[in-house]
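The values are calculated or read from the model by the stated rules, or taken from the named source; none is laboratory data. Worth saying up front: this structure is predicted, and the values here are computed from it rather than measured. Quick reminder, even Gly has a Cβ in these numbers, built from the backbone with ideal geometry, and neighbours come from all protein chains shown. Heads up: the accessible areas ignore ligands, DNA and RNA and are worked out on the full protein's heavy atoms, side chains in. Shrake-Rupley method; radii C 1.70, N 1.55, O 1.52, S 1.80 Å.
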Amino acid sequence: SKSIQSAMEYLDSGQVVKALAITSILVKEDENSPQTQEAHGLVLLASADRFDQDGLPQNALIERERALDAFESACRLLSKPTMLSLSAGQLAHMLGDDEKARSHYKTAHKADDKDERASFFLAQMAMLEEEWQEAQSWINESINRNANEPYTLLSSGLIEASLGNLELAISRADEGCSQKPNDENLRFMQARVYRIAGQPNRALEILSQLSE
């Protein structure tokens, strides 16, 4: 609608208060519009960023919680799952609601059979909890959709190393680093794979090259 368009224009020009005034009215008038709920969520996120910049983290937290509510309303109102579930998952994850985040990520994974991000995030969550089999399952889903993403390949290397599949772990780590040879974060991950794989000297060699 023209009102949503106006709100987005205000948002793009940094006039968050005006944008929020419009979307707040729109949500009251028609809370069953997924487009309105999504727009309201986007504006609330911008409002949260403003509060962070002003040193008001508690206000920012409240705005992000409201944004998540708006995104979830939009997801429920849409006739089929969309990648808005990915945004909802990331926001829930950021707010520390892991169960909700997983649910949204799984919906996003089903919503687009070419997008590899949701399965990557699910793998990361499993890695943090050292659920290596589950992490392996999700990272392989991500690789199946995009076999050339360096961080996915390095994450796979760490997972496979933790499961004792050392040859595959090293192969994935080396392949990931070959995609972005100058990325220090990837090199740290590669060194960790070699250390887990029982090759501490190679790990040190990789790390010493970083300080040169």
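Using Cα centres only, tell me the gap between region 170-210 and region 27-96 in whole Å.
38
Taking the Cα centre of the chain as the origin, how large is its charge dipole in debye, to the nearest 20, when only Lys and Arg (+1) and Asp and Glu (-1) carry charge on their Cβ atoms?
Once rounded to the nearest 20, the dipole reads 220 debye.
Is region 9-115 rounded, prolate or oblate when judged by the Cα gyration tensor, a ≥ b ≥ c being the square roots of its eigenvalues, rounded requiring a/c under 1.5 and prolate requiring a/b larger than b/c?
It comes out oblate by the Cα gyration axes.
What's the carbon and sulfur percent of the chain's accessible surface, probe 1.4 angstrom, rounded to a whole number?
Carbon and sulfur atoms account for 47 percent of the accessible area of the chain.
Would you mind checking region 68-98 for residues with the amide N under 15 Å from a putative spin-label position 7 Å along Cα→C-beta of K110?
75-86
Excluding ligands, DNA and RNA, what is the solvent-accessible area per residue of region 147-187 at a probe of 1.4 Å, expressed in Å²?
Ligands and nucleic acids excluded, the result is 45 Å² per residue.
Which sequence of E184, E29, E134, E160 reflects their accessible areas, 1.4 Å probe, from the largest down?
Descending accessible area places them as E29, E184, E134, E160.
Any chance you could run the full-extension gain for R202 through L78? It's 0.36 nm times the residue separation minus the Cα-Cα distance, nm to one decimal.
Net length gain for the segment: 39.5 nm.
With all protein chains present and a 1.4 Å probe, how do I159, I22 order by accessible area, largest first? Could you put the intermediate results ahead of the total?
On the way: I159 0, I22 40 Å².
In descending accessible area the options line up as I22, I159.
Which translational diffusion coefficient, to the nearest whole µm²/s, is obtained for the chain from the Stokes-Einstein equation, given a Kirkwood hydrodynamic radius over C-alpha pairs, 4 °C and 1.567 mPa s?
On the way: Rh = 19.2 Å.
Result for D is 68 µm²/s.
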